[in-house]
Every structure is written in structure tokens, then in C-alpha cells.
Amino acid sequence: MRRLFLILILAFAANSWAQSPRLPDLKNTTMEISWEDFRAMVEAMNPQPTPTPAPPTTAFLSSASYRGRLEGKLLRLDGNLSIEVLASGWVRMPMWQQGAVLSFDGAGTLLSGGSGGKEILVQGPGHRQIRVSLAIAVPENPGENRLELRLPDAPLNLVEILPGPQIETLKALGGVALRGKNGSTLLSLAGGRTTLSWKRPFKSETAAGAEIIKLKPRIHLDSWEILDLSDGALSGLLILDLDIRLAEISSFNLRLPAGIEVFEASAAGLESWKILRKENFRVLHLAFAAPREGKVRATIRFEGAYDPKVGRITAPRFEAEEIERENAWLTVGSEGAEVAMDLPEGVLPSDPSELPPEIQSMASNPVAACRFTGAPGPIELQIREHQDAAVLTAVIERLNATTLILADGTEALWLDLRIRNNRKQFLKLRLADENTEIWSFLVDSEPARPKRAENTIMLPLPRGGSEKLSTLSLVLLDRGEKMRLFHRLRPGLPIFDIPVIEAAWTVFLPPAHKYSLGNSPFSLVSESQPLVRRSSSRSLILGAAAAGRSYAPAPLSKEMMREQDEQEDKVMQQVKTPRKALRRGALPVKISLPAGVGQLPKIRVARVLMVDEEASSLPIRVFPEFFAGMLSFLNWALLLAAGILAAFGLRRRILPASAALLLSLLLPGGPGIVGSLVIAAFLAGSLWILFKA
């Protein structure tokens, strides 16, 4: 037992010596180890093998090839199949769900499955080869016959079928079909399925010594001719609905009008089409791959030309040969011309809305239509061309502007434009001063480079296959003259070469003065820190002590006003940190403002539909700080004087009283016309009662 224990210890030490650093020599040192540790060392020396994962599938058909013959009532197929068995043991595989198995040979056993199908039982793992012979019942009707062939699916699945006697035009409606040897058909099946189609001849019959008469086809035709006229070019679509009765047809002929060229013809089962010349006219010949009967639709596209100066053409008429009856409709459309019809006898006017919905969807802007039966006379079309008018290719949907004016005359303008563009290359901005500087320009938040020619700036616009919506951001700087009292400021917007749907504009002013807003094409939306406002005039004075005031807003969208609030907040954040760049792609902005930036007097105005080329400006007059109090005192003094003069109603004092009242109405800062009259009348009545009573 000790020897066994010593051998195990030496074996473990040798294994560890090969996999770990060399251990120190402990000479005669002894050691004790528990049974659990000893068992763990032995198991570590002999690891368990990793289990093999289960195969993704037990077995599959890797390839299959069949050769057969279609004859009489049977389709016989002889097949060679290759099977790959991945699992160990016996495996069941479903195989043929159609036909009967005549012979079976291979490393497996044939079983009967559910619903009349066949299964095989093979043992794996390994490669197995199987040979089988199948018989499938097929229809034997005169005329066209079909068979849905269902075979086991395989990556390589080939079927070669040789047609027997009395089998005509054998073809496959699914899979890839190739012409094989000796007239056979070679198929590559997709999913193991295809549909075979073939024809059998009809038997000739005799009765009482007379041969049965072969009937001729009777064709009823409904046709829709759709014309499109524009700039001397004629294009059209002809839709033919054939109703073939009593017998089949293999081809169909259509006489073509002069000057018309056919460039496309399509129909179900159409084998080819060609243009034939007969005597002095041309014929469109449609050939079908197999005789057709019943309902058949053919579509023909054609084109031609006409002289727009003449203004009159004859509608092209396509005459079908060997038909029994025809109902026809003619529809004419035009994008840039007026069309009128001169209808001969037998042709009735119609409305394009009466066409079937599937035909209406193929017509482009139909303006006139007619219908007839049989062969009518020529239909004349009168065409009056009109010159194309220029259309707007771009529009500014929203314009958000913020202007900041400093006491030294510096004027900074932030512009955000939301533009919808079709194919315009540049947006042109005309500036009032050619010395205006461009600080930054962004297109969809990415830096871009504008072009400039004197006082005109050209901003590149993104373009696409259709209307392109984009956002342009522009910052402009204008270094004007120093602000002076009693002079007028004129902050302005650039003149755009395209209309502006709606615009919102905010102007921030220095806080050390009072301001009066003059008349402008913009509507006043709000003002901060107003002083007084005269009710009889649009002029107002802004001060630094009173609360803000809002007015009836212009009909702007809520989204527009929200964007204007965001722009104002952004501008205020930028000017509070003058050493910080305006935005990506801009130069550093060096603007120093006194304390209290948030208390700057502010005017917000709005405008809808800017289409004129006049400069959009806001005239603002500058007054000293004390001017508002002086105007208010003067107004009340004039009203008091008017009341006193009116109270002592001497005739010679009526004229001075009226002059004092009129002067108080003209000066800003007063209570307005109604208020001034009420106050003057109240003062006059009170004084008269006090001194005359």
C-alpha cells in the first residue's frame, strides 16, 4: 500500500514538474494528505473528455437527380439520391408524398408514412446512396393539362423529363427549365416543387359520313386609348381586353396609324411581337406562346409627334383585324395645353371619371374623353399650347431674427432660416451696407462657406431629388456710428430673393436711454419696460422702470414663437460671455456689456408674408433718460391750463384753451384723445363749480 501511495505521489510530482516551476528539494521531509485532496489530484491528472454537441439535424438529402418519361396516364421517374446521416443510430426521414414507389434499392428501409407518403429508415452516421423508381398519375385530357410535381427538397435537385407521343409543348411554370437532349426538358427545382404544363391533341370526329365543322374564333374587344400631348410630343397607352370565344387564337393583328411608333407590347403568354408591312400600311403582330381563349389583356405603348404651331391633329386610330365587335374609349391628357375634341357622327362625348379605376390610374391629367362602337370617322383634336410660367423653386418658411444694438453703434444680427428648396443653388441676401461682416454661417448645424459680391451674400442651399428642408444660421456684424440723442436708429434685416412666409424679430437696446418706435411694416408683438403709449398713435416710448406689455400677436405659429424664445435665450447667453465663440465655425465675439444684461429694453415684432424688396427696418428714436418724466409733466401742465382757460369761459380764452388741449394730444406720453378730453372737461367743470357757485 505504501508503494502504491509513493508511486502516485511521484507520478503527480512528475506531471506537475512538466507544467509548473521546479519545486525545492525537501530531502527526507514527510507529508500527509486527506483522501478528498488525493482524489482531486487523481481526477485532475485524468480530465473527462468534452462531450460532442448534438448535430443540428439528424439527416438531410444532399442531392437528387431524376430521369423520367411523360406518356399516357403516367409520369415515371428513376432517381438517384444522396443522404447524409449525422446522428448515431437509426433515423427516420420523410421522403415522397406523391405517387407510388415501384422499386427501392439502398442502405435503408422503406416505410409508409402519414397521409399516404413514404419514409425511409437509415442508420448513421455516414453517407448513404439510394435508387428509387416512382410512378405518378397525370391527367389525360385533350388540350392543356397540368401537374403539380412535389419531390423531397435538396440543394441540388435535377429532373429530366422526356415527353412521349401525343405530348405537345411540355414546359415548367416553376424552377429553372432548360432544353435537354432529344427534346427532353431539364428542370432545376426550387423547394422540390414545380408545375408541369403540356397539351394533348383533340381527336377528329365524323358522324353520318360528314366531318364536324371546325369553328372560327369570335373576338369581342374593349379598348382604351390614352393620349398625352405636350410640346409637340405625343405619347400613348393602348389597352386591349380580348374576349376570345368558340375557338383559340395563336396570334392577333392590329393595324397601325401613320406616324406612330410602337416601342413596347406585353400580354400574358405573349411569345413575341413584331411590325409587319402589308401593301401600304403597317401591322402590329402579336404571337402567343400557346393558343389562347377566354379573357386576354394586351398593353401597347407608342409615341409620335405633331406640329404645335398647327394646333390640330387627328387622333391615332388602331384598327383590330378579324374581330366581331369593338367598344372603344379615347382619353386625352395634357400638362401645358388646352385640348378640345371635334367628334364625328357615332362618337359620343364622355368624362374621364367614367373610366374604370385601374384605367384612370394609368392616365396622366386627363382633360377630354369620348367613346364609340365600331369604326367611327376621324376624331380631330384642337391643341392650344401655352408658355410655361416660372414657378417658385424655394421659400423661407420661418425667419427668426435677433438684433443687439450697443451704444457705440455696433449692431449684431442673428438669423435662423428654415428653407424648403427644390432646385435653387443659392439664397441671395442683399445688405444695406457692404461693410457688414459675416461672423458665422451654418447649414443644418454644419459650418459652410458663403459667397459674396459687394453687398450681396450668396448662401449655398442643399438640394435633393425633391423638396429639401434645411436650416441656415447666419450671424452678421455691422459697425455703425455712435448712438446720439434725438436721432433715429434703423436696425434692419437683409433683403431676400425669395418670399418669407412668417418672420419674428427681436431688438435689444442699450439700457441708458428711452426709445420711441416709429411706423414699420412689422406688427408689434411685445415690449419690455414700456413707459407710456399714446392711444391715438402707434408711437411708443420704452423706459427702464415700468413692467412689460404684450399686444395682439400676429398670426404666427406656436412653433415659430417657441423658436424665437429659444434664439433670444441663446443670444443672451452668448453676450454674457464675450470671450466665448458664438458657435462652431464662428470667430470669437468681443462684445462687452454693462451689468444687467437681462434687463435690456426689448421690442419683439412679427410679419407674415414678406415678398417686397424694400428694406425691412424698425425706425427707433433715441431720447435722454429724463425725457419721459419731462413729457409727462408737460402733458399734465397743458391739460391743467386747458381746463383753467375753459373754466373761465371768456370768449378770448377759448382759443388758447383749445391750443393747449391740442398740443397735449400731439405730445407722446399723454392719456390719449378720449382721456385728455375727459380730464380737461373734469378740470374745467370742477373749477367752474368751485369759483362760480
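Here are the numbers for this structure:
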{"read-out": "Count of the range 133-162 residues which are touching a residue at least 60 places away in the same chain (Cβ under 8 Å), part of a strand (DSSP E or B) and under 17 Å from ALA290 (Cα atoms)", "value": "1"}
{"read-out": "Hey, LEU151 open to solvent by less than 40 Å² (accessible area, probe 1.4 Å), within 50 Å of the chain's Cα centre (by Cα) and modelled with pLDDT of 85 or more or not", "value": "yes"}
{"read-out": "Residue selected from the range 62-74 under the condition among the aliphatic types (A, V, I, L, M) and modelled with pLDDT under 90, by the criterion surrounded by the most Cβ atoms within 10 Å (Cβ to Cβ)", "value": "LEU70"}
{"read-out": "Scope the range 351-363; condition assigned to a helix (DSSP H, G or I) and surrounded by 13 or more Cβ atoms within 10 Å (Cβ to Cβ); matching residues", "value": "PRO352, ILE359, GLN360"}
{"read-out": "Residues of the range 322-344 that turn out to be surrounded by fewer than 14 Cβ atoms within 10 Å (Cβ to Cβ) and under 27 Å from ASN253 (Cβ atoms), as a count", "value": "4"}
{"read-out": "Of residues in the range 77-130 being under 56 Å from the mean Cα position of the chain (by Cα) and charged (D, E, K, R), the one farthest from LEU186 (Cα to Cα)", "value": "ARG92"}
{"read-out": "The range 449-480, residues that are open to solvent by 20 Å² or more (accessible area, probe 1.4 Å), within 23 Å of THR410 (Cβ to Cβ) and not hydroxyl-bearing (Ser, Thr, Tyr)", "value": "PRO450, ARG452, GLU454, ASN455, ASP478, ARG479, GLY480"}
{"read-out": "Inter-residue pairs, beta-carbon under 7 Å, first among the β-branched types (Val, Ile, Thr) and in the range 48-70, second open to solvent by 30 Å² or more (accessible area, probe 1.4 Å), 6+ apart", "value": "THR57/LEU86; THR58/LEU86"}
{"read-out": "Options LEU392, LEU348: the member that is out of contact with any Cys (no Cβ under 8 Å at 6 or more places or on another chain), open to solvent by 30 Å² or more (accessible area, probe 1.4 Å), over 12 Å from ALA315 (Cα atoms) and not in a helix (DSSP H, G or I)", "value": "LEU392"}
{"read-out": "Scope the range 365-378; condition open to solvent by less than 60 Å² (accessible area, probe 1.4 Å) and touching a strand residue (DSSP E or B) at 6+ places or on another chain (Cβ under 6 Å); matching residues", "value": "PRO366, ALA368, ALA369, CYS370, PHE372, PRO376"}
{"read-out": "Selected residue [buried (at least 20 other Cβ atoms within 10 Å of the Cβ), under 27 Å from GLN574 (Cα atoms), among the acidic types (Asp, Glu) and at pLDDT 85 or above] from GLU397, GLU446, GLU437, GLU411", "value": "GLU411"}
{"read-out": "Pairs, first part of a strand (DSSP E or B) in the range 494-521, second surrounded by fewer than 18 Cβ atoms within 10 Å (Cβ to Cβ) and of a type in the set (Val, Ile, Thr), C-beta under 7 Å, six or more apart", "value": "ILE501/VAL395; GLU502/VAL608"}
{"read-out": "Test: residue in the range 246-257 that is among the basic types (Lys, Arg), at pLDDT 90 or above, in a strand (DSSP E or B) and touching a His at 6+ places or on another chain (Cβ under 6 Å)", "value": "no"}
{"read-out": "Any hit, the range 38-59, residues being at pLDDT 85 or above, of a type outside the set (Lys, Arg) and open to solvent by less than 50 Å² (accessible area, probe 1.4 Å)", "value": "yes"}
{"read-out": "Checking LEU215 against (1) open to solvent by less than 20 Å² (accessible area, probe 1.4 Å); (2) without any contact (Cβ under 8 Å) to a residue 60 or more places away in the chain; (3) over 30 Å from VAL310 (Cα atoms), the condition it does not meet", "value": "(1)"}
{"read-out": "Count of the range 269-314 residues which are open to solvent by 60 Å² or more (accessible area, probe 1.4 Å) and at positive phi", "value": "1"}
{"read-out": "Positions within the range 468-482 being modelled with pLDDT of 80 or more, more than 18 Å from ARG420 (Cα to Cα) and out of contact with any Leu (no Cβ under 7 Å at 6 or more places or on another chain), in sequence order", "value": "LEU477, ASP478, ARG479"}
{"read-out": "Lone unmet requirement of (1) open to solvent by 20 Å² or more (accessible area, probe 1.4 Å); (2) on the phi < 0 side of the Ramachandran plot for GLY99", "value": "(2)"}
{"read-out": "Qualifying residues in the range 507-523 (those that are surrounded by 17 or more Cβ atoms within 10 Å (Cβ to Cβ) and of a type in the set (A, V, I, L, M, F, W, C)) - the one farthest from SER445 (Cα to Cα)", "value": "LEU517"}
{"read-out": "Positions within the range 364-389 being assigned to a loop (DSSP other than H, G, I, E, B) and in contact with a Leu (Cβ under 7 Å, 6 or more places away or on another chain), in sequence order", "value": "ILE379"}
{"read-out": "Near pairs, Cβ below 7 angstrom, 6+ apart or cross-chain, from the range 366-386 (of a type in the set (Asp, Glu)) to any residue that is open to solvent by 70 Å² or more (accessible area, probe 1.4 Å)", "value": "GLU380/ARG312; GLU380/THR314"}
{"read-out": "Residue list for the range 154-171, filter: modelled with pLDDT under 85 and within 50 Å of the chain's Cα centre (by Cα)", "value": "THR169, LEU170, LYS171"}
{"read-out": "Of residues in the range 97-132 being in a loop (DSSP other than H, G, I, E, B) and touching a Pro at 6+ places or on another chain (Cβ under 7 Å), the one farthest from GLY192 (Cα to Cα)", "value": "GLY113"}
{"read-out": "Pick from the range 483-506, criterion modelled with pLDDT of 75 or more and over 39 Å from the mean Cα position of the chain (by Cα), ranking: least open to solvent (accessible area, probe 1.4 Å)", "value": "PRO491"}
{"read-out": "Residues satisfying the stated conditions in the range 406-445, i.e. in contact (Cβ under 8 Å) with a residue 60 or more places away in the chain, in contact with a Gly (Cβ under 9 Å, 6 or more places away or on another chain) and part of a strand (DSSP E or B)", "value": "THR410, GLU411, LEU413, SER440, PHE441, LEU442"}
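The values are calculated or read from the model by the stated rules, or taken from the named source; none is laboratory data. Being a predicted model, the structure only gives us computed values, none of them experimental. Cβ: placed from backbone, ideal geometry, glycine included. Neighbour counts: every protein chain shown. We work out accessible area using only protein heavy atoms, side chains counted, and drop any ligands, DNA or RNA first. Shrake-Rupley method; radii C 1.70, N 1.55, O 1.52, S 1.80 Å.
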